[in-house]
Amino acid sequence: MKKKQKSRAEKTAENYFPVDEDDLKNTTEKQIRPPLPRKEFLKKSIEIEVKPQLSEKEIVKGTVEKAYNKPDRRDLESIEGVESSENVPKKTRGKTRSRKPSLKTKIRKTKSPRTTTKQVKYSPEKISLKSEGYELIITEKPQAANKIATALGKATQRVSNKVSYYDLNKNGKEIVVACAVGHLLTLKQKVMGSQIPIFDIGWVPNYLARKGDFTKRYYDTIKQLAKNARSITIATDYDIEGEVIGLNVVRYICGQKDANRMKFSTLTTKEINDAYENKKPHLDWAQAIAGETRNYLDWFYGINLSRALMNAIKTTGSFRIMSIGRVQGPALKLIVDKEREILNFKTETYWQPFITISNGKNKLELKYVKDIFSPEGVPNWDKEELKKFENLKGQKAQASTTKSEEILPPNPPFDLTTLQTEAYKFYGITPSKTLQAAQSLYLGGLISYPRTSSQKLPDSIDYKTILETMAKKYKAEKLITKNKPIEGKKTDPAHPSIYPTGNFQILSGDEEKIYNLIARRFLSLFCDDAIIDKKRIAAITENNLTFSTRGSAIRKKGWLEVYPSKLKETEVPDMEGEVEIIDSRIEEKQTQPPKRFSPASIISELEKKNLGTKATRANILETLYDRGYVKGQSITATPLGMSLIETLEKYSPIIIDEKLTRKFENEMESITKSKGDYEKREEKIINEAKETITEIAKDFEKKEKSIGKELLNAQNKQRKQQKIENTLVQCPKCKKGNLAITYSRKNRRSFIACDAYPNCKTTYSLPPNGTIKKIDNICEKCGFPLLMSLRKGKKPWIFCFNTECETNKERLEEYRKKKEAKNN
Ligand SMILES: [Zn+2]
Ligand SMILES: [Zn+2]
């Protein structure tokens, strides 16, 4: 395998901006040796003592997004990529897999440097399990393998080809625990061409679909270990994607039809051992088929629709990457509709009269009970109406105070969406970051499985012991008054609500915040209701106008002592009987357009509409950002997003039909709930999807040119806008061009270049693997505009890109010293 050539710009960038090992993981392609026989394999592997926890580096990046199979950009770029071959088997699955799948895929050379020209063959090896040997347990992630191995017994960690696995002995039985890293196989088209519709697809290993894919090491390790195994047990996350990951490992890598299945919601020693003792002799086929159906549907939609869009653009003689997915379409439409509401919103003026009353002791401002709007077509109505409020000062009024109490019970346990909403509300953490943090807490054995829609806390999880530990830790013993927790209505067949396991670890950043929120929510379930004293003060003037205001005070905090709240207390004095109006005023106001969605509120909206799943919603939103269809924390549809929806509404409304998306969603859910008949149901759904997509393809063919023209215009408009947004400052070298953030498709990274190229070749490099944004500040030392680099899971970094700048000299010097220290 040839090492990827680095461009000069890239090399400069690496010297200039220290590259993390994390980055290297994704950018360097390593030579992979063929697997060795077991003995050789063991000899070559390193044996190390098991650490209780793997380092962060072992948790390979990108696997958190396992639940969403978005069309790979490279699939789209190499749109003419895949050539057909004879001998293509029908889609295979556990029961029909006796036919050996052999898939020949040839990828034609295209402009993209990433597609391979080599002919790709995939025929999974047949493996017979041994009558003697070990039980091979497969987890979804490296960290889970470590947790499970150490929970089951005294384990030895081995590292082969940089992949860890574990040997252990449990009651005289040999067990090996190995791991996947999310999906090791991916769906890929079997025939050539960019025609649509295309439905002939099958699973191939990631490393055959994408050159230099890092998951090959894991694939090879599992395959090697399976050869000496007596039985296979799947211990991936217990949900539909986890089941598909397990199913693919079983049928393609281990060459088996079925396997044992461990089911657990927390990675605690007790639950892992229970799950091991009570493992099922079969995969959860309902989940597996439901998951596979979802993968197929997402591929069908993602690739076919995106190609339809791009083919349409091609008819105009241009080429642009553009994509849309099954749930992305309806999700984007929600945002665009909101944008339209805002654009079409006509502000109206209205008035709010206020009076200040006094009883000699206290004074208080009250608002007129109605807002005053002018009825349409009645000129000067408001002026007449407002006259009533002119001479109130100095008059008397009759005041009265009404008191009531409100009982505020604790909120139900966390399901994923509620956790995401609350994390955004209290800390501004986005839904995808929350999921990422929760996932990592789960892998650390600190909380239960976060991808759940349950608001239940069943007795079986022994919450009493957890409660004791947690209450002590949070010094909340006195507040715990109930034996049974509050529960909500929502359920989930696979997991309970999100709860802490009672294990602790020192945490920081988002993880600490999310953990505390989960712990406090859990404690609050067992606390007393809060009691709020409410008060309404009203005053009626001599001319019979009613004014009022409200006050509230927390009488009993109850659960509010452990869980954060944005509840505000407003103190107001009691007012009774005759009072004097000592002041009055009228405020002129404007009606406000509806609020845009926030990352949290769009996720709740998608859930309300049953679009997407708890595991995919955060990713769907991320994709809309990635594609440039939406932007900002207060989510705004971009011109591109707006015209995409406009075009689709005009020519192929079925793509963005939320009812249809929901119908598929419900049907897929019904597979997990059904008993048997899974494959029949799968076939029915897939056939429906094929029909729909074929219909869409026909729609597109008829109006391809018009669609293409509109999409191209939108793209160009967006580019122009982006160019303006990316322009930074006049080029200091040529003083003619402007410096702008530019993206190099070849190197897949951004850099800064003078737009007078090729006359001026001034460039500056930028940190790799981040999204670069312009911010409105300039560098205090050199006057260059400052930039911000955003990376998943990292704090935003603000920096000056001027290599000559003093700020960078310090940083480079520090880097040089660190490097020297490391080498010594
Ligand atoms: Zn220049
Ligand atoms: Zn500077």
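When you scan the stretch 624-643, do you find a residue that is open to solvent by less than 10 Å² (accessible area, probe 1.4 Å) and closer than 30 Å to Tyr238 by Cβ, even just one?
yes
Condition test on Ile724, is it of a type in the set (Val, Ile, Thr) and within 30 Å of Ser323 (Cα to Cα)?
For Ile724, the condition - of a type in the set (Val, Ile, Thr) and within 30 Å of Ser323 (Cα to Cα) - is met.
Going by the conditions given, is Lys735 at positive phi and surrounded by fewer than 14 Cβ atoms within 10 Å (Cβ to Cβ)?
yes
Which residue is farthest from Met788 (Cα to Cα), if the candidates are limited to the stretch 737-767 and must be more than 10 Å from ligand 1 (Cβ to nearest atom) and not in a strand (DSSP E or B)?
Per the criteria, the residue is Pro758.
Does the stretch 583-596 hold any residues that are surrounded by fewer than 13 Cβ atoms within 10 Å (Cβ to Cβ) and more than 13 Å from Trp351 (Cα to Cα), and which are they?
Gln592, Pro594, Lys595
Please state which one of Ile635, Ile693, Ile603 is farther than 19 Å from Ala423 by Cβ and in contact with a helix residue (DSSP H, G or I) (Cβ under 6 Å, 6 or more places away or on another chain).
Ile693
Looking only at the stretch 768-809, count how many residues are of a type outside the set (A, V, I, L, M, F, W, C), part of a strand (DSSP E or B), at pLDDT below 85 and in contact with a Lys or Arg (Cβ under 7 Å, 6 or more places away or on another chain).
0
Would you check if there is a residue in the stretch 752-763 being more than 30 Å from Thr647 (Cα to Cα), among the hydroxyl-bearing types (Ser, Thr, Tyr) and out of contact with any strand residue (DSSP E or B) (no Cβ under 7 Å at 6 or more places or on another chain)?
There is at least one residue in the stretch 752-763 that is more than 30 Å from Thr647 (Cα to Cα), among the hydroxyl-bearing types (Ser, Thr, Tyr) and out of contact with any strand residue (DSSP E or B) (no Cβ under 7 Å at 6 or more places or on another chain).
Consider Ser231 against the criteria (1) in contact with a helix residue (DSSP H, G or I) (Cβ under 8 Å, 6 or more places away or on another chain); (2) closer than 21 Å to Gly153 by Cα: it satisfies all of them except one. Which criterion is unmet?
(1)
Of everything in the stretch 781-820, what is hydrophobic (A, V, I, L, M, F, W, C) and within 16 Å of ligand 1 (Cβ to nearest atom)? Give them in sequence order.
Phe784, Phe801
Looking for whichever is touching a Gly at 6+ places or on another chain (Cβ under 7 Å) and buried (at least 21 other Cβ atoms within 10 Å of the Cβ) here; the options are Gln420, Gln455. Which one fits?
Gln455
Hey, any hits in the stretch 478-485 for a residue that's part of a loop (DSSP other than H, G, I, E, B), open to solvent by less than 40 Å² (accessible area, probe 1.4 Å) and charged (D, E, K, R)?
Looking through the stretch 478-485, none of the residues is part of a loop (DSSP other than H, G, I, E, B), open to solvent by less than 40 Å² (accessible area, probe 1.4 Å) and charged (D, E, K, R).
Hey, can you tell me all the residues within the stretch 170-195 that are touching a strand residue (DSSP E or B) at 6+ places or on another chain (Cβ under 7 Å) and without any contact (Cβ under 8 Å) to a residue 40 or more places away in the chain?
Correct list: Lys173 only.
Could you run through the stretch 776-821 and say how many residues are of a type in the set (A, V, I, L, M), under 21 Å from Thr727 (Cβ atoms) and away from ligand 2 (no atom under 15 Å from the Cβ)?
Residues flagged as of a type in the set (A, V, I, L, M), under 21 Å from Thr727 (Cβ atoms) and away from ligand 2 (no atom under 15 Å from the Cβ) within the stretch 776-821 amount to 1.
Return the residues of the stretch 710-722 that are surrounded by fewer than 16 Cβ atoms within 10 Å (Cβ to Cβ) and either among the β-branched types (Val, Ile, Thr) or in contact (Cβ under 8 Å) with a residue 24 or more places away in the chain (or both); say none if nothing qualifies.
Within the stretch 710-722, Asn713, Lys717, Gln721 meet the criteria.
If you go through the stretch 725-743 one residue at a time, do you hit one that is farther than 30 Å from Gly302 by Cα, touching a Phe, Trp or Tyr at 6+ places or on another chain (Cβ under 7 Å) and touching a residue at least 12 places away in the same chain (Cβ under 8 Å)?
yes
Give me the pairs: first residue in the stretch 610-632 and farther than 27 Å from Pro493 by Cα, second residue in a loop (DSSP other than H, G, I, E, B) and open to solvent by 20 Å² or more (accessible area, probe 1.4 Å), beta-carbon distance under 7 Å, and six or more apart or on different chains, which are they?
Taking only residues 6 or more apart or on different chains, the pairs are Thr623/Lys70.
Do you know which residues across the stretch 522-537 are of a type outside the set (A, V, I, L, M) and open to solvent by 10 Å² or more (accessible area, probe 1.4 Å)?
Asp528, Asp529, Asp533, Lys534, Lys535, Arg536, listed by residue number.
So the check is Cβ under 6 Å with 6+ separation or different chains; which pairs have a first residue in the stretch 645-662 that's of a type in the set (Gly, Ala, Ser) and a second one that's open to solvent by 10 Å² or more (accessible area, probe 1.4 Å)?
Note: pairs meeting the criteria are Ser652/Asp699.
Matching residues to (1) under 34 Å from the mean Cα position of the chain (by Cα); (2) among the hydrophobic types (A, V, I, L, M, F, W, C); (3) over 13 Å from Leu408 (Cβ atoms); (4) part of a loop (DSSP other than H, G, I, E, B):
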position: Phe547; (1), (2), (3), (4): no, yes, yes, no
position: Ser552; (1), (2), (3), (4): no, no, no, no
position: Leu567; (1), (2), (3), (4): yes, yes, no, yes
position: Ile582; (1), (2), (3), (4): no, yes, yes, no
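Does Ser497 qualify as being open to solvent by less than 10 Å² (accessible area, probe 1.4 Å) and farther than 30 Å from Ala553 by Cα?
yes
The values are calculated or read from the model by the stated rules, or taken from the named source; none is laboratory data. This structure is a prediction, so every number in the text was calculated from the model and none was measured. Glycine gets a Cβ as well: all are built from the backbone with ideal geometry, and neighbour counts include every protein chain shown. Accessible surface is based on the protein model in full, side chains and every heavy atom, while ligands, DNA and RNA are left aside. Shrake-Rupley method; radii C 1.70, N 1.55, O 1.52, S 1.80 Å.
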